[in-house]
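**Student:** Once you've had a glance at the structure underneath, I'll fire off some questions.
Derivation of every value follows stated rules applied to the coordinates shown; laboratory data play no part. Just so we're clear, the structure is a prediction, and the values are computed from it rather than from any experiment. So basically every Cβ, Gly included, is an ideal-geometry build from the backbone, and we count neighbours across all protein chains shown.
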Amino acid sequence: MGRSVLFVGGSGIISSASVVRAVEHGWEVSVLNRGRSGQRPLPSAVEHLTADIADRQSVAAAVTGRDFDVVCQFRAFTPDTVRADADLWRGRTGQYVFISSASAYQTPPRHLPVTESTPLRNPYWAYSRNKIACEDLLVELWRDEAFPATIVRPSHTYDRTLSPLDGGGATLARLLAGAPVVVHGDGASLWTLTHTTDFAKGFVGLLGRPEAVGDVFHITSDEWLTWDAIVGMLADAAGAEANIVHVPSDLIAAADPEWGAGLLGDKTHSLIFDNTKVRTLVPEFVCTTPFSEGAREIIAWHTAEPDRIRVDPRQEALIAGLVERFAAR
């Protein structure tokens, strides 16, 4: 395969570091998005194509007459988008890389560590079920017409702008102040956090690889942490004491179904991964940013400017209520 790649998205937490790494490794990189780079400016060598990804006509117009050796789709969340992509890129790309999610795996997992052959089933979270449906469609297209799909399943990938703790700015503000923060369950379940620059090593290594077409890979760190340890590392980075209140996940879900969907459909259960498959094809995939370092990046970025920590009053009230209810237990 050649060396031109289009990132649909390209400025987000997961994708932006992969754009940077692709440029560093000699790819001719184009990004297709609404032109809002925000907190993650991209290298000057990147070509910017502007379109509203939700508007298929604007997308088609932006790439009229263009073929790419690889197309990376970071912004597809339903089968309708994937089918429209297949119609758009059929015969115009040698590899279509779809970003799925590790939350598509069987939840709760029956066996650990998770491998790519772990069944896909998540009855708790619509987001995950939609990703599974997208994958099913791509498998069908690969089998029926050899549409050149590669499926990539990230797990919890972060950069300096994203705290891994639920509750957004309300939780982060509490942590910085040494105030109680909510951790689901008993805080002892194992979780996998992957720095975006580490994810990029595996991801870019799959681009343009014929061996990756028609196949699926997850790309995650090999560092396994409890949720209490994650809170502790963030507190240490902030120079604060970790003040943790444990709340059962189902009771969080009862208080806030949106928060609960992500917990019951993903974070409640231990989730660790075997990365043998991606590492066999991409030997340079070695994660070098432990979360202790990532935590310092997160705290430094959020405290550098006052408006970066935005406290949602509704979220703060929810957390305060849970703390009051469960702190004495």
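**Student:** Tell me which of Thr268, Trp227, Asn33 sits at the most positive position along the dipole axis of the chain, charges placed on C-beta atoms (Lys, Arg +1; Asp, Glu -1).
**Tutor:** Towards the positive end, the residue furthest out is Asn33.
**Student:** Please list, or write none, the aspartates and glutamates whose alpha carbon is within less than 17 Å of the alpha carbon of Lys131, excluding same-chain residues fewer than 8 places away.
**Tutor:** Within reach: Asp80, Asp85, Glu116, Glu140, Asp215, Asp266.
**Student:** Relative to the present Cα-Cα distance, how much length would full extension add between Tyr127 and Asp250 at 0.36 nm per residue of separation?
**Tutor:** Length difference between fully extended and current span is 42.4 nm.
**Student:** Treating the range 147-210 as a set of equal point scatterers at the Cα positions, no solvent, please give the Debye-formula log₁₀ I(q)/I(0) at q = 0.15, 0.17, 0.20, 0.26 Å⁻¹.
**Tutor:** Cα-only, vacuum Debye calculation for the range 147-210: -0.66, -0.77, -0.91, -1.19.
**Student:** Remind me, relative contact order of the chain in percent, using alpha carbon pairs under 8 angstrom and six or more residues apart?
**Tutor:** Across the chain, relative contact order equals 19 percent.
**Student:** Along the Cα→Cβ direction, 7 angstrom out, place labels at Leu190 and Glu241. What is the inter-label distance in nm?
**Tutor:** 3.1 nm
**Student:** On to the next question. Using R₀ = 25 Å, calculate the FRET efficiency as 1/(1 + (r/R₀)^6) where r is the Cβ-Cβ separation of Ala328 and Asp307; round to 0.05.
**Tutor:** After rounding, the FRET efficiency stands at 0.10.
**Student:** Taking just the C-alpha trace of the range 261-324, give me its Rg and Dmax in Å.
**Tutor:** Final numbers for Rg and Dmax: 18.0, 50 Å.
**Student:** Now, a different point. Which order do peptides 70-78, 45-53 fall in by mean Cβ count within 10 Å, highest first?
**Tutor:** Highest mean packing first, the order is 70-78, 45-53.
**Student:** Given H placed on each backbone N at 1.01 Å, which residues far from Asp215 in sequence or on other chains put an amide H within less than 5 Å of it?
**Tutor:** Ile151
**Student:** Roughly what angle does helix 126-145 make with the longest principal axis of the chain, taking Cα atoms, 0 to 90 degrees, to the nearest 10?
**Tutor:** 20 degrees
**Student:** Can you give me the relative contact order of the range 188-329 as a percent, contacts being Cα pairs under 8 Å and 6 or more apart?
**Tutor:** Numbers: 139 pairs, mean separation 51.0, N = 142.
Relative contact order here is 36 percent.
**Student:** Taking all pairs of distinct Cα atoms, average 1/r, flip it, and tell me the Kirkwood hydrodynamic radius of the range 198-329 in Å to one decimal place. Don't skip to the answer; put the middle values down first.
**Tutor:** On the way: mean 1/r = 0.0558 Å⁻¹.
For the range 198-329, inverting the mean 1/r across all distinct Cα pairs yields 17.9 Å.
**Student:** Among the lysines, select those whose C-alpha is under 17 Å from the C-alpha of Lys277, and discard any that sit fewer than 8 residues away in the same chain.
**Tutor:** Lys201
**Student:** Report, to the nearest 10°, how far helix 291-304 tilts away from the longest principal axis of the Cα atoms in the chain, using its own Cα long axis and a range of 0 to 90°.
**Tutor:** Relative to the chain, helix 291-304 is tipped by roughly 80 degrees.
**Student:** If you take the Cα Rg of the range 111-240 and divide it by 2.2 N^0.38 Å, with N the number of residues, what do you get?
**Tutor:** With N residues counted in the range 111-240, Rg over 2.2 N^0.38 Å equals 1.29.
**Student:** Could you work out how much longer the chain between Ala84 and Glu211 gets when fully extended? Use 0.36 nm per residue separation minus the Cα distance between them, nm to one decimal.
**Tutor:** Stretched out fully, the Ala84 to Glu211 stretch lengthens by 43.2 nm.
**Student:** Another question about this same structure. How far is it, in nm, from the label point at Glu145 to the one at Ala54 when both lie 7 Å from their Cα along the line to the Cβ?
**Tutor:** Those two pseudo-labels are separated by 2.7 nm.
**Student:** Just to confirm the number: angle between the C-alpha axis of helix 168-177 and the first principal axis of the chain, 0 to 90 degrees, nearest 10?
**Tutor:** Long axis of 168-177 versus the principal axis of the chain: about 40 degrees.
**Student:** Same structure again: Net charge within 11 Å of Ala170 by Cβ-Cβ distance, Lys/Arg positive one each and Asp/Glu negative one each, not counting Ala170 itself?
**Tutor:** 0
**Student:** Using only alpha carbons, build the gyration tensor for the range 66-121 and give me the equivalent ellipsoid semi-axes, biggest first, whole Å.
**Tutor:** Equivalent ellipsoid of the range 66-121: 29, 12, 8 Å, largest first.
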